[in-house]
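Only one structure is covered here, and it is reproduced in the block below.
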Amino acid sequence: MISNDIYQAAHLLYKDEVVAIPTETVYGLAANIYSEKAVKKVFELKNRPFTNPLIVHIGSKNQLDDLAEKVPEIAQKLIDRFWPGPLTLILRKKNKVPDFVTGGKETVAIRMPNHGKTLQLLNLLPFPIAAPSANPFGSISPTSPDHVAAYFEHTIPMILDGGICQNGLESTIIGFENEVPTLYRLGSITVEELEHEIGPIKFQNFEENKTIAPGMMNRHYAPDTLTIVSTNIAEALHLYKGKKIGLLLFSPNNNYKNVAHQEVLSVKADLKEAAANLYAALHRLDAQNLDVIVTEQFPLEQWGRAINDRLKRASHPVSK
Ligand code: TXA
Ligand code: MG
């Protein structure tokens, strides 16, 4: 059921139920972090390995001290600048944060989302909520209540309606091993914005170090349809000639014919707008019964980096 009722959402969460909640990035599947029953349901609904930790969402900055052992100075600077907002911090956890939320890790991922309704909800509750993206493990993240309903309509009691997610791409994740700011996941806050605030940040080698942020696995955010990323669209279209092709473009381009379905992410070639539209476009493409989705490569700057990252994972072959 898609509903506007935050009191009902609070009631359900209080009763160990799972509720889908809106955020500025993507919809999440929310559970009371202290309820093993509810958190377990989240993992089962998503078919997600229990070792893959969840992000804890808080409604005000002063809840942080309750959950994190020590907040490095650089982390504090980022909090002051970006919270509420799409930035997740990996911090040393306090004992009270349950292991079933952090997958047994000594660290906990925390963010304060920037969505009015969800902040209201969080502030009605006497506990923080754990919320992974509201999609089955590995599939395309949801940016609207309808996307969530398509996945979980029959298995969760409520989807809190917060409209279309404004940023449309997951939060950026940053950790502080030995006080060195380290990027774990590209997302809605760009590397440029982060570096402007705190100077150079270290890039985790996502490919090699799969265990650090398991969400950074090679195949993820993936449509069911075969997806390929191409630096030469004309050539790719030629390769799949005669097939039912879906095309995902950054900005309008009239050169490409013979495609069954086309999605343009930004009429004015704006990377932030493209990021906001990415998942909705992938959902629509995946619903067209296409033989193949061809996408172009995005400029490797600002939100283009995160878009490329997601497209690369979306197009990664299914492992045998
Ligand atoms: O924008 C978002 O962050 C959304 C909305 C709902 O807030 N949530 C989200 O959650 O994207 P999820 O579970 O889909 O992705 C969380 C990522 C995973 O890759 C997980 O492995 C990583 O965060 N993560 C969580 N706790 C961690 C920890 N302690 N250390 C390293 N990575 C962690
Ligand atoms: Mg996810």
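Between Lys94 and Asn258, how high is the FRET efficiency from 1/(1 + (r/R0)^6) when r is the Cβ-Cβ distance and R₀ = 51 Å? Nearest 0.05. Show your work: numbers first, answer last.
On the way: r = 58 Å, r/R0 = 1.14.
With R0 = 51 Å, the Cβ-Cβ based efficiency is 0.30.
Once fully extended, how much extra length lies between Tyr7 and Ala150, figured as 0.36 nm per residue of separation less the alpha-carbon to alpha-carbon distance?
Numbers: separation 143, 0.36 × 143 = 51.48 nm, distance 2.38 nm.
That works out to 49.1 nm of additional length.
Assuming 0.36 nm per residue, please report the length gained on full extension of the stretch Lys202 to Lys244 beyond their Cα-Cα distance. Walk me through the numbers on the way to the answer.
Details: separation 42, 0.36 × 42 = 15.12 nm, distance 4.17 nm.
That pair, Lys202 and Lys244, stretches by 11.0 nm at full extension.
How much of the accessible area of the chain, in percent, comes from carbon and sulfur atoms when a 1.4 Å probe is used?
Details: 6840 of 14250 Å².
The computed percentage sits at 48.
So, counting K/R as plus one and D/E as minus one, what does the shell of residues with Cβ under 9 Å around Asp291 add up to? Please report the intermediate quantities before stating the final value.
Values: positive: Lys243, Lys244; negative: none.
Neighbour charge sum, excluding Asp291 itself: +2.
Kindly provide the helix-only [θ] at 222 nm of the chain, computed as the sum of -39,500 (n - 2.57) over DSSP H runs of four or more divided by all residues, to the nearest 500 deg cm²/dmol? If you can, show how the numbers build up before the last one.
Numbers: 11 runs with 98 residues, N = 320.
For the chain, the value works out to -8500 deg cm²/dmol.
Once each part is reduced to its C-alpha centroid, what is the distance from the stretch 149-176 to the stretch 42-93 in angstrom?
The stretch 149-176 and the stretch 42-93 have Cα centres separated by 16 Å.
Leaving out ligands and nucleic acids, and using a 1.4 Å probe, what accessible area per residue does the stretch 221-267 come to in Å²?
Details: 2690 Å² over 47 residues.
Using a 1.4 Å probe on heavy atoms only, each residue of the stretch 221-267 averages 57 Å².
Taking loop as defined by DSSP and a crowding limit of 16 other beta carbons within 10 Å, which GluC sites (Glu not before Pro) in the stretch 67-106 fit?
Details: sites: Glu69, Glu73, Glu106; in loops: Glu69, Glu106.
For GluC sites (Glu not before Pro) across the stretch 67-106 that sit outside H, G, I, E and B with at most 16 neighbouring Cβ atoms in 10 Å, the list reads Glu69, Glu106.
With N residues in the chain, what two-decimal value do you get for its Cα radius of gyration over 2.2 N^0.38 Å? Each step should come with its number before you reach the end.
Working: Rg = 19.3 Å, N = 320, 2.2 N^0.38 = 19.7 Å.
Normalised Rg, Cα atoms only: 0.98.
About its Cα centre, what dipole magnitude does the stretch 2-203 give when the only charges are +1 on Lys and Arg Cβ and -1 on Asp and Glu Cβ, stated in debye to the nearest 20? Before the final figure, lay out the partial values.
Working: 19 positive and 23 negative charges, 89 e Å.
My answer is approximately 420 debye.
Taking the solvent-accessible surface of protein heavy atoms with a 1.4 Å probe, what is the per residue accessible area of the stretch 2-203 in Å²? Walk me through the numbers on the way to the answer.
Working: 8030 Å² over 202 residues.
Solvent-accessible surface per residue comes out at 40 Å².
The values are calculated or read from the model by the stated rules, or taken from the named source; none is laboratory data. Computed from a predicted model, the values in this text were never measured in an experiment. No Cβ is skipped: glycine too gets one built from the backbone with ideal geometry, and neighbour counts run over all protein chains shown. Protein only, heavy atoms only, side chains kept; ligands, DNA and RNA dropped before computing areas. Shrake-Rupley method; radii C 1.70, N 1.55, O 1.52, S 1.80 Å.
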